[in-house]
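Each remark here refers to the structure printed beneath this line.
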Amino acid sequence: MAPDVTSKIVSIEPVGRSEFYDLLIPGAPYYRTKRGWTHHNGGKSVLVHAACEAAALPYIEVNATQFSEVGFAGLDVSQMLAGFWGPRWCPPPAKRGQVVPLAERFGVVVIDEIDKWAFHPNLKERQPQRVLQAELLRFVEGEVARVREKDSEMGTPFDTTHLLFIGTGAFQSLGQMVDPTDPQAYTKADSSHIEKYGFLTELAGRFSTIIGLPRLDSNSMARILREQVWPSYLQQMEDDGLEVLVEDAALRRIGDIAIAKYTGARGLIPELERLLKHAWRQAKPGGLVRLTLDDVDAGRAVYIERVAA
């Protein structure tokens, strides 16, 4: 049975936070925008995913930079909804017709990098970002869209009236617009500041709830890596018959590297894979893969082959 999410409060402790966040996940049309700073990556995606998982809601995440105006290279804005009948929410032998009603009623659409759709209000020439916002506004306000995975398809009718749209992005310099003298000014932004940043008045009004997140510090990044990322790699290596030795200080240093590169939590996996790939490639069952603080500083993990007695 589908969950009753009307005015439901979901309390979760997202990875990388020591405090609890309360998120309102209503069933009626209600839209929120979340944003943090590019140089203060706050784990926005982690938080949104955790909330949707906790509420048992079907959700999809798309990257705003993948889309373009109709007729130009890139995906049509309506195609973002096709994710609801991907393998995650529509595994074979399920059909689209079985998934669409559930997604229409309880679906969540997370649009990452939505700040890249900001346009320059003072420019008179046509700006693709303004067109993209206008197309998105139609879905946010509610309409029956025809969603196609391929241009050759007629499209599947999809009513967007009850979808929850969440926009996430860096919104760099937004705090400066609010109050250039206050380093925490980004937490005080409202719809008028989003409009000034370069969004249509109607769209900024629809995304009326704004949440500014503090940056992830070294401890938070290490916790995300330790609890959410590392266990799957450890399991894979143990399945390959390997013994694994990893220092907690090494995981903390990987988090520091991601912070220094301004990649946020999403930079942890590429950094970990870079360190492991050489040792893992040459490893044989019974061997040891070691990742210490010194190994991270040296740029790669070490494989130690065990010699049978």
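Read-outs: derived from the displayed coordinates by stated rules, not from any lab. The model shown is predicted, which means the values in this text are computed figures rather than measured ones. Neighbour counts run over all protein chains shown; Cβ positions are idealised from the backbone, glycine included.
First select every other residue whose beta carbon is under 13 angstrom from the beta carbon of ALA301; then total the charges, Lys and Arg +1, Asp and Glu -1.
Result for the local shell: -1.
Around SER218, with a cut-off of 13 angstrom between Cβ atoms, what is the net charge of the other residues, counting Lys and Arg +1 and Asp and Glu -1?
+2
Can you tell me how much longer the chain between ILE304 and LYS284 gets when fully stretched, taken as 0.36 nm per residue apart minus their C-alpha distance, in nm with one decimal?
6.3 nm
Describe numerically, in nm with one decimal, the distance between label points set 7 Å from Cα along Cα→Cβ at ILE269 and at LEU102.
Going by the 7 Å Cα→Cβ label model, 2.3 nm.
Taking the simple approach of a point 7 Å from Cα along Cα-to-Cβ for both GLU125 and THR65, what is their distance in nm?
2.2 nm
Just add up the charged neighbours of PRO270: K/R +1, D/E -1, any other residue whose Cβ is under 11 Å from the Cβ of PRO270.
+2
FRET efficiency for GLU247 and ASP179, Cβ-Cβ distance as r, R0 = 45 Å, nearest 0.05?
Efficiency for this residue pair is about 0.60.
State, to one decimal in nm, how far the label point of THR201 lies from the label point of LEU75, with both points 7 Å from Cα in the Cβ direction.
Rounded to a tenth, the inter-label distance reads 3.2 nm.
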